[in-house]
């Protein structure tokens, strides 16, 4: 590492609240504190072993790096990035890299812990991690983004690797970002080892070693779980109406897939505003509008509505697919839906959860509902390591099988223990982690 990099382990810079689509209700509880509360609720129900509670209460490792990047005009700017590795009892650390102005160590801690529980819940051999750099990617050119990405990965050094910590795309990053990471990481290895660099990240372009189905995986998983819920409630997907908050990768692919199945998209909100059409919005046309204009606002043939009006729209399903802390006590009280299917991480505050329970609105919790992305990331990692290639039908089949199994485990615990589905999901995940510690013991 060069002397211009500053690397700190277990650093704790000032905590900031996480970002959102556009709105917050007061000062939210720090995200990692919320995760700990969710852990504790499930742990109390399980009477989880005290040593496992202590291990999961803190990340295994936190890395903070400050590094320089040359801008297009020749000047240099410094950026701060984080990588939090929460737990790897089940396998290599796994989690996305986020580029966003509101990235903070608290947010990254929470997201890493959520990833631990998500992987344990769906029973794939990964642990939980997350990374991020605090800046607005829309303000940098493509060459600047590439230099920043390469410099960040170089600064992380051997804190990532195919058998140790495997990043993936997240908010503000994409398949192209992952290709830059592979190339940079490969350049740090001896020539005879560079073939294994392909598995250092998932979410790569298919032409660069990625897996078919990875781009749509999280949105596809949301739809698969809505379909399971619909079957349990004797509802046809073609009769469903739904709303989506956030129209990035997750929101678009969920909407695109649901529209193909005959469901009706009534309203969408993003950072630019909200639009509604009682006749239904065309997800593909809306995506093209977003690509050209930067947001859903002004979509032809749709009615512009306020943030409050968006939450008040009557529909069967609401899919929050934006940032954290969107379903608050206030917005949960406005919803006119039967189901909240959480495509985002941490979209519902504890106060919002309480209101949803009081109003009888069902929830597919985030660690279950948005797990499609990490599941297909696992498929990509397996294919890279084994030199295999699976087709789209095989990916979709395997994804549906894993999600259906996890869904049934959550529903079983929820019904037998009489707890909400979020607590049930955490209980399933913590039971899996407790099992591995009981079987392997804790060194020394």
**Asked** Does the stretch 165-185 contain at least one residue that is in a loop (DSSP other than H, G, I, E, B) and farther than 23 Å from residue 208 by Cβ?
**Response** no
**Prompt:** Of these, 219, 203, which one is in a loop (DSSP other than H, G, I, E, B), modelled with pLDDT of 95 or more and within 23 Å of residue 93 (Cα to Cα)?
**Reply:** 203
**Request:** Residues being in a strand (DSSP E or B) and in contact with a helix residue (DSSP H, G or I) (Cβ under 6 Å, 6 or more places away or on another chain): count how many of those fall in the stretch 297-316.
**Result:** 0
**Item:** residue 343 vs. criteria buried (at least 17 other Cβ atoms within 10 Å of the Cβ) and under 18 Å from residue 421 (Cα atoms)
**Value:** yes
**Item:** So residue 311, is it in the same structural domain as residue 242 (by TED's automatic domain parsing), crowded, with 21+ Cβ neighbours inside 10 Å and farther than 22 Å from residue 253 by Cβ
**Value:** yes
**Single match in 401, 380 (criterion: farther than 14 Å from residue 212 by Cβ, modelled with pLDDT of 95 or more and in a helix (DSSP H, G or I))** = 401
**Request:** Identify the residue in the stretch 295-306 that is surrounded by fewer than 16 Cβ atoms within 10 Å (Cβ to Cβ) and at pLDDT 95 or above and, among all such residues, is nearest to residue 236 (Cα to Cα).
**Result:** 303
**Prompt:** For the stretch 58-82, how many residues are surrounded by fewer than 14 Cβ atoms within 10 Å (Cβ to Cβ) and not in a loop (DSSP other than H, G, I, E, B)?
**Reply:** 3
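If only one of 204, 249 is assigned by TED's automatic domain parsing to the domain that holds residue 99 and either crowded, with 19+ Cβ neighbours inside 10 Å or without any contact (Cβ under 8 Å) to a residue 40 or more places away in the chain (or both), which one is it?
Exactly one of 204, 249 is assigned by TED's automatic domain parsing to the domain that holds residue 99 and either crowded, with 19+ Cβ neighbours inside 10 Å or without any contact (Cβ under 8 Å) to a residue 40 or more places away in the chain (or both), namely 204.
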**Asked** Looking at (1) surrounded by fewer than 24 Cβ atoms within 10 Å (Cβ to Cβ); (2) in contact (Cβ under 8 Å) with a residue 12 or more places away in the chain; (3) farther than 23 Å from residue 49 by Cα, which is the only condition residue 373 fails?
**Response** (1)
**Fill in**
Just one listed residue, out of 132, 172, 127, is more than 21 Å from residue 384 (Cβ to Cβ) and buried (at least 24 other Cβ atoms within 10 Å of the Cβ), and it is 132
**Asked** So residue 278 clears everything in (1) modelled with pLDDT of 95 or more; (2) more than 24 Å from the chain's Cα centre (by Cα) except one condition, right? Which one?
**Response** (1)
**Item:** Top-ranked residue in the stretch 259-296 [being in a helix (DSSP H, G or I) and in contact with a strand residue (DSSP E or B) (Cβ under 7 Å, 6 or more places away or on another chain); ranked as farthest from residue 343 (Cα to Cα)]
**Value:** 286
**Complete:** Exactly one of 367, 442 is in contact (Cβ under 8 Å) with a residue 24 or more places away in the chain and either more than 19 Å from residue 128 (Cβ to Cβ) or over 23 Å from the mean Cα position of the chain (by Cα) (or both), and that residue is 442
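Among the listed residues 394, 324, 358, which satisfies the condition of being at pLDDT below 95 and either in a helix (DSSP H, G or I) or not assigned by TED's automatic domain parsing to the domain that holds residue 91 (or both)? Can you show your working first?
Details: 394 fails: at pLDDT below 95; 358 fails: at pLDDT below 95.
Every option except 324 fails the conditions.
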**Message:** Looking at 8, 3, 27 in this structure, which one is in contact with a strand residue (DSSP E or B) (Cβ under 8 Å, 6 or more places away or on another chain), over 22 Å from residue 414 (Cβ atoms) and either at pLDDT 95 or above or exposed (fewer than 15 other Cβ atoms within 10 Å of the Cβ) (or both)?
**Reply:** 8
**Asked** Looking only at the stretch 112-144, which residues are closer than 30 Å to residue 399 by Cβ, assigned to a helix (DSSP H, G or I) and touching a residue at least 40 places away in the same chain (Cβ under 8 Å)?
**Response** 112, 113, 114, 115, 116, 117, 118, 119, 120, 121, 122
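The values are calculated or read from the model by the stated rules, or taken from the named source; none is laboratory data. Treat the numbers as computed from the prediction; the structure is a model and nothing was measured. Virtual Cβ from ideal backbone geometry, glycine too; neighbours counted across all protein chains shown.
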